[in-house]
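Beneath this line is the structure, given in structure tokens, with notes to follow.
Here, each number is a calculation from the coordinates, and none is a lab measurement. This one's a predicted model, so the numbers in the text were calculated from it and none came from an experiment. We place every Cβ from the backbone using ideal geometry, glycine too, and count neighbours over all the protein chains shown.
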Amino acid sequence: MIGKESTAGRATKFTFLGLWLVFSLFPLYWIVVTSLKAPGDIFTFPIAYWPERFSLENYQGLFGKADFGTYLVNSLVVATVAGAVATAISTLSAYVLARFEFRSKSALLMAALVTQMIPSFIALGPLYLLMTDLRLVDNRFGLMLVYIAVCIPFCTVMLRGFFENIPDALEEAAMIDGLSRFGALVRVLLPVMRPGIVAAFIFNFVNCWNELFLSVTLMNSDGNKTVPTALNGFISSFNIDWGSMSAAAVLTILPTMVLFAFASRHIVQGLTAGSVKG
Amino acid sequence: MSTTSTSGVRKAPSVRKEGGAPPRKTGRRREFTTRRGLVVAAFMAPAAVFVAIFTYYPMIAGSQMAFRNWNLTDLTDTSWVGLGNFREVFTDPAWGTVLDNTLLWVVGSIVPQLVIGFAIALWLRRRFRFRGLYQALIFFPWAISGFLIGILFRWLFNSEFGVVNDLLQRAGLIDEPIAWLADPRTAMIAVLIANVWYGVTFFAIMILAALQSIPDELYEAAALDGAGKARTLFQITIPYIRTTLALTVLLRVIWIFNFPDLIFGMTGGGPNDETHIVTTWMIKITQQGDYGKASALGLLVVAILLVFAVFFLLATREKKQTGKRGVRA
């Protein structure tokens, strides 16, 4: 495989890779094109693969008729805060799991794995009741708390992989120089880990930004809805208005795409290091 | 401070800040001191508290609901009903379809994802111009939520104005537009296509990472022995990365099993509840307020996945042997 490559082999390879690229990007292209057509042009024959006239009407409708701006802000606030707090908390637990040996360690790792295995929907009902008792239903702060808990297990495993790639000697030297363990972590390790931590944050952010079922369950007033919950509302009505839907989809996908483009290399590293080892 | 004997360090460091914690390094990692215990506890505590309250507590509370008559529509009677909820699941006329669909969903997603992902990984192994860009581009589907992917493909497979029908008609493969999502069989095909679109990248990434760990010497040796492409693939590449393959597949099985988002967005389980998999069905039952039955279903999922976890552990245990065999080949 790594040896010589025949011309025919190369041709097959690039044909296939090219086809897959087209297949990968076409749905994204199509949703963007749909969103930029005038609402009337979406439902005309023959289907236009390039809009005859570009229009921002679908987008204007989102902010005029629907309160899409509010949903975007809600999602942005919840995902940013929850993603950041979860990353901070996971950094601490990942550090301990990477650097210390203790008896309950494998049990804790198992506990993290179990949360990934059990369908979270089994918790949906009881969580709703719990949040009712805490008076945190339909509350952005409450949703943040839940999202933090959802992000922590995987984020910990991912960050642990990054920590394990850094030699112990680094913080040992810092501690010999008189820094406390926490000081060594913050002042010496974290700067080295920065790409990993940024990737972990982005991963958390995107997960919270995209989360649907918890948000649908916990947020019921229109002013508190996050973007996915609002999109779900667009479906519930019998006929989907594909004009607004496609514009809303583009606005939802765009930020996560930008973030992923920015950090995909580190996320890939985290996924492969974290999950293969962990 | 200076009396501490550090095993690995010969010279005393020249600069030492005042007030820092004394380095206690004797028997590092083995000796369990109270202080170390406190550090571990303090660093683990925030994570543990969050996960305990918002993940484990509801999960355990949910598990006991499986054995009770728990229905939001009538909370006056939440008595214990033994296995009643499970009986309700098994006797539900939808259960058979749901199981079939789940199996089809898992196998029909995993197999193409693995095969295509493997091929892409092999093809990406050799550096070529724009390889980095290519990887970044095919990574994009990963930034999108399953639910939105469902919506995207719902539009693509739209019976009247969908692009899939249009392309098939232009290519002369079909005469009449197909109402993809109106027939459970074609709807299942459509959701599988969407999931393959989504999941291939993950396999490609994991497998590519594993491939890059294979030493070149193995291939050189194989080439010297005159091994052909197919032989090299089956006797060197696959055995060498077998553990990663097994782990990736099993992790994905668990994950896809628990992945209702795409179907939820694309068909909502319809038409007539005929494209539900276990988890989408569970969400529907939860939304109807029958927490008891939904929890019973959840426990069944856990039981099924535990079987997979056993495979998972067996696969990891084989790690070292496989590695050696790979080197010897």
Residues of type aspartates and glutamates that residue A:65 reaches as a straight line, Cα spacing below 17 Å, ignoring anything fewer than 8 places off in the same chain: A:57, A:222, A:241
Debye, to nearest 20: dipole size of segment B:93-328, +1 on Lys, Arg Cβ, -1 on Asp, Glu Cβ: 1280
Globularity index of the protein assembly as shown, i.e. its alpha-carbon radius of gyration over 2.2 N^0.38 Å: 1.04
Spin-label model distance (nm) - residue A:88 vs residue A:73, 7 Å beyond Cα toward Cβ: 2.4
Nearest 10 degrees, 0 to 90: helix A:227-236 Cα axis against chain A principal axis: 40
Anisotropy class of segment A:1-98 from Cα gyration tensor, a/c 1.5 cut: oblate
For segment B:93-328, with +1 on Lys and Arg beta carbons and -1 on Asp and Glu, the positive-most of B:150, B:193, B:308 along the dipole: B:308
Average partner coverage of B:34-44, which counts Cβ from other chains inside 10 Å: 5
Charge-dipole axis of the protein assembly as shown as Lys and Arg at +1 and Asp and Glu at -1 on Cβ define it, positive-most pick from B:181, A:76, A:14: A:14
Among B:185, B:126, B:87, residue whose mean-square fluctuation peaks in a GNM of chain B (springs only between Cα atoms under 10 Å): B:126
Descending principal axes extents, segment A:45-126, alpha-carbon based, whole Å: 66, 31, 29
Chain B, helix-only ellipticity at 222 nm - DSSP H runs n ≥ 4, -39,500 (n - 2.57), divided by all residues, nearest 500: -20000 deg cm²/dmol
Whole-number percent relative contact order across chain B, with pairs defined as alpha carbons under 8 Å at least 6 apart: 26
Computed label-point distance, nm, for sites residue A:165 and residue A:182 using a 7 Å Cα→Cβ extension: 2.8
Span-like helix ranges in chain B, DSSP H, alpha carbon extent 27 angstrom or more, Kyte mean at least -1.0: B:94-125, B:184-211, B:291-317
Inter-chain shielding of B:257-267 (mean C-beta neighbours from other protein chains, 10 Å cut-off): 3
Average projected area [Cα convex hull, chain A], square nanometres: 21.3
Prolate/oblate/rounded label for segment B:199-244 (Cα gyration tensor, a/c 1.5): prolate
Within the protein assembly as shown: Cβ-based charge dipole about Cα centre, in debye rounded to nearest 20 (Lys, Arg +1; Asp, Glu -1): 3400
Residue among A:201, A:260, A:26 with the largest mean-square fluctuation in a Gaussian network model of chain A, springs linking Cα atoms under 10 Å: A:26
Largest-first principal axis extents, alpha carbons of chain B, Å: 82, 70, 36
Chain A, relative contact order in percent, only Cα pairs under 8 angstrom and at least six apart counted: 30
Straight-distance crosslink candidates among aspartates and glutamates, where the alpha carbon sits under 16 Å from residue A:225 and sequence neighbours closer than 8 are dropped: A:67, A:138, A:211
Cα shape, segment B:163-257, gyration tensor, a/c 1.5 rule: prolate
Normalised contact order of segment B:143-234, rounded percent, pairs of Cα under 8 Å and 6 or more residues apart: 19
Alpha-carbon spread of segment A:7-55, three principal axes, descending order, Å: 48, 18, 14
GNM result for chain A, Cα springs below 10 Å: residue of A:57, A:164, A:172 fluctuating most strongly: A:172
Nitroxide proxy distance, nm - points 7 Å out along Cα→Cβ at residue B:216 and residue B:79: 7.5
222 nm mean residue ellipticity, helices alone, for chain A (DSSP H n ≥ 4; -39,500 (n - 2.57); rounded to 500): -24500 deg cm²/dmol
Between helix A:242-277 and chain A: long-axis angle, C-alpha atoms, 0 to 90°, nearest 10: 20
